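Below is one structure, written out as structure tokens; the observations come after it.
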Amino acid sequence: MDWLGPAEWEAVRLSLRVAAVAVAASLPLGIFVAYALARWRFPGHGLLNGLVHLPLILPPVVTGYLLLLGFGPQGPVGGVLEAVGLPVAFRWTGAALAAAIMAFPLMVRAIRLSIEAVDPGLERAAATLGASRGWVFLTVTLPLTLPGIIAGAILAFAKAMGEFGATITFVSNIPGETRTVPSAIYAFLQVPGGEDAAVRLVLVSVGVAMAALILSEWLARAAARRVGHS
Amino acid sequence: MSVEIDIQHDFKSFQLDVQISAPPGITALFGRSGSGKTSIINSVAGLLHPDEGKISIDGTPLFDRAAGVNLPVHHRRLGYVFQDARLFPHLTVRQNLTFGRWFAPERAPQAELDRVVEMLGIGHLLSRRPGALSGGEKSRVALGRALLSSPRLILADEPLAALDEARKAEIIPYFERLRDEARVPILYVSHSPAEVARLATTVVALDAGHVVAQGPAAEVLGDPEVMPLGPRGAGAVIGARVAAHHQDGLSELQAGGVPLFLPRVAATVGTTLRLRIAAQDVLLSRARPEGLSALNILPGRIDSIRHGAGPGAMVALDTPAGRVLARVTQRSVGALGLSEGAECFAIVKTVSIAPDDVSG
């Protein structure tokens, strides 16, 4: 694969790392939030739902700026993270945080839909057979939701790979640290003669996005087949 | 083992207020839809928390509002057979059957699994998934799954309602076996008179959230004052012993010294069967009829006559075979001069007793 130059490779590798960490770190929370939204009724249900979907509606640059205020070196959370040795401002970890937040709505949506497709009657049946809440979740809800969780994770991964606005606002565009594929494309387009590299990275982006969409569509259908045959 | 239920709950549409005592065997909760049957077993299962009252098995409380006892569903150790089977679609039949064993305090031995699989005839289905099963097969697996969770009580919510007649006939014998083995009490929700007459040891008749009558099946079903489904569903149950099978396709039974003729039954000579005689299939006559095609004539004495709001009357007749109910018109009651204590004859057409009405 020597059709990509070293700088381009660096951007692709960084993007893959940022997206993988973003998805892996946010998946447990995503499953929990999706379950809460799908199965529980509590005060603040609408507020939580709105909060989760906010990054989908807000201009990414606004999300990035809010992150900078909260997680920057002077921010309330950023100061704490700095103190415990996990700085995020202008680091690849910050890029992962921005990507995770921007991808969160897609992830939660896919998981929530597949949890809602699980018949609560099956969960009650498992409880009558002696399974506690935790075991019901692990032995019935989770396996039936698994294709939806995988689909949500893949979508979130693709979204994280492509995140630009919030990332560049929050952690800037530092080669080797925060220059992900979209930031790199943007940078290449700013310099004369950079179009070729930009086009190669565009092809990578299109390929990743298409593969993710097809895979998640296929998994969503597998989920429907599985839950439908009760 | 016995179950005591004494609960009150305020639903928006009706008040549930019941006191039920369920001895071993099958206790049928019998009534129209909306009479509170399912709410009662959901309360026992812990899926519904009544406003007031207590529920206990053999004196051990599952729920006691006043004392603040409310055992969570998964600690109640009940086998719930749902109307829609509710098999786990992602597990094989074997995994469905053994699901409850993972959580039972004393794990049922392998022999128990083999015994239940053999009894229900589902050995060839073990490696399949529920999506590939027929309705009757799903029902049997659901029953097996409930049995294998080592339950102290089995709850069955119209387990046959979703099945056609042929599939029902396939499942009913398994419930009869469970009843006769009498290991655990069974609370059985139904609105089918034939099903209740065949299966129930004890009948609890419900109407609009209240118990109208409860007691041994023959007593409750033969009581003209108790018609949870209205007069159309009324019918008494009598016991009869198979005396002979005749060449012309009929079986002869003896009930209290009276011969009864039925279309050929599968039981062997000497077995005792229960027969359900629907009230609307019974004619009454003051004199022993002559030259009549009906073969079954039961002499008896009128115990009570209940006049309904419509043109009908329900006559309860004590015969040597047991209590028989007859649904006749009030005009006939007047014309025949029927009154309590009067002697008369109940006539039942042989072919009106369907195979559905006969059970071991």
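The values are calculated or read from the model by the stated rules, or taken from the named source; none is laboratory data. All values derive from a computational prediction rather than experimental measurement. Please note: Cβ atoms are built from the backbone with ideal geometry, for glycine as well, and neighbour counts cover all protein chains shown. Surface areas here come from the heavy atoms of the whole protein model, side chains and all, with no ligands, DNA or RNA. Shrake-Rupley method; radii C 1.70, N 1.55, O 1.52, S 1.80 Å.
Of all the residues in the range B:51-76, those that are under 16 Å from A:Arg124 (Cα atoms) and either open to solvent by less than 70 Å² (accessible area, probe 1.4 Å) or of a type in the set (Ser, Thr, Tyr) (or both) number 5. Scanning the range A:110-145 for residues that are assigned to a loop (DSSP other than H, G, I, E, B) and small (Gly, Ala, Ser) yields a total of 4.
Quick one: in the range B:71-96, of everything that is more than 11 Å from A:Leu129 (Cβ to Cβ) and part of a helix (DSSP H, G or I), which residue is nearest to the other protein chains (Cβ to nearest Cβ)? By that ranking, first place goes to B:His75.
When you scan the range B:120-131, do you find a residue that is within 9 Å of chain A (Cβ to nearest Cβ), more than 13 Å from B:Leu148 (Cβ to Cβ), assigned to a helix (DSSP H, G or I) and not charged (D, E, K, R), even just one? Within the range B:120-131 (the criterion being within 9 Å of chain A (Cβ to nearest Cβ), more than 13 Å from B:Leu148 (Cβ to Cβ), assigned to a helix (DSSP H, G or I) and not charged (D, E, K, R)), the answer is yes, since at least one residue qualifies.
Residues considered: B:Ile40, B:Ile57, B:Ile26. Of these, the only one that is within 23 Å of B:Ala208 (Cβ to Cβ), more than 10 Å from chain A (Cβ to nearest Cβ) and within 26 Å of the chain's Cα centre (by Cα) is B:Ile40. Take B:Ser139 and tell me if it is on the phi < 0 side of the Ramachandran plot and open to solvent by 10 Å² or more (accessible area, probe 1.4 Å). In short, yes.
Listed conditions (1) open to solvent by less than 30 Å² (accessible area, probe 1.4 Å); (2) out of contact with any His (no Cβ under 8 Å at 6 or more places or on another chain) are all met by A:Leu37, apart from (2). Would you check if A:Ala160 is part of a helix (DSSP H, G or I), open to solvent by less than 20 Å² (accessible area, probe 1.4 Å) and over 30 Å from A:Ile57 (Cβ atoms)? When the stated conditions are applied, A:Ala160 does not pass them.
Taking the range B:145-166 as the range and being surrounded by fewer than 22 Cβ atoms within 10 Å (Cβ to Cβ) and within 12 Å of chain A (Cβ to nearest Cβ) as the test, the residues that pass are B:Ser150, B:Arg152, B:Asp157. The test for being open to solvent by 30 Å² or more (accessible area, probe 1.4 Å), closer than 27 Å to B:Ser150 by Cα and more than 11 Å from the chain's Cα centre (by Cα) holds for B:Ala169. Of the residues in the range A:34-52, how many are in a helix (DSSP H, G or I) and over 22 Å from A:Ala95 (Cβ atoms)? Here the count works out to 12. Is there a residue being open to solvent by less than 50 Å² (accessible area, probe 1.4 Å), touching a Pro at 6+ places or on another chain (Cβ under 7 Å) and not assigned by TED's automatic domain parsing to the domain that holds B:Val220 anywhere in the range B:283-293? Looking for residues that are open to solvent by less than 50 Å² (accessible area, probe 1.4 Å), touching a Pro at 6+ places or on another chain (Cβ under 7 Å) and not assigned by TED's automatic domain parsing to the domain that holds B:Val220, one finds none in the range B:283-293, hence no.
For (1) charged (D, E, K, R); (2) open to solvent by less than 10 Å² (accessible area, probe 1.4 Å); (3) not assigned by TED's automatic domain parsing to the domain that holds B:Leu143, each residue gets a yes or a no:
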position	(1), (2), (3)
B:Arg94	yes, no, no
B:Thr98	no, no, no
B:Trp102	no, no, no
B:Pro105	no, no, no
B:Gly121	no, no, no
B:Leu125	no, yes, no
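Residues of the range B:75-118 that are in contact (Cβ under 8 Å) with a residue 24 or more places away in the chain and among the aromatic types (Phe, Trp, Tyr): B:Tyr80, B:Phe82, B:Phe88, B:Phe99, B:Phe103. Exactly one residue out of A:Leu86, A:Leu97 is in a loop (DSSP other than H, G, I, E, B) and away from every other protein chain (no Cβ under 14 Å), and it is A:Leu86. Reported count of residues in the range A:108-164, each being in contact with a Leu (Cβ under 7 Å, 6 or more places away or on another chain), within 14 Å of another protein chain (Cβ to nearest Cβ) and of a type in the set (Gly, Ala, Ser), is 1. Filtering A:Gly193, A:Gly134 for residues that are within 16 Å of A:Leu4 (Cα to Cα) and open to solvent by 20 Å² or more (accessible area, probe 1.4 Å) leaves a single hit, A:Gly193. The single condition from (1) under 30 Å from B:Arg145 (Cβ atoms); (2) modelled with pLDDT of 90 or more; (3) surrounded by 16 or more Cβ atoms within 10 Å (Cβ to Cβ) that A:Gly148 fails is (2).
Scanning the range B:235-251 for residues that are within 16 Å of the chain's Cα centre (by Cα) and open to solvent by 10 Å² or more (accessible area, probe 1.4 Å) yields B:Val237, B:Gly239. Picking from residues in the range B:77-90 that are under 24 Å from B:Pro105 (Cα atoms) and not small (Gly, Ala, Ser), the one that is most open to solvent (accessible area, probe 1.4 Å) is B:Arg77. You will find that of A:Leu67, A:Leu81, the residue that is in a helix (DSSP H, G or I) and out of contact with any Leu (no Cβ under 8 Å at 6 or more places or on another chain) is A:Leu81 and no other. Residues that are of a type in the set (Val, Ile, Thr), open to solvent by less than 30 Å² (accessible area, probe 1.4 Å), modelled with pLDDT under 95 and within 17 Å of A:Thr167 (Cα to Cα) occur in the range A:81-90; there is at least one.
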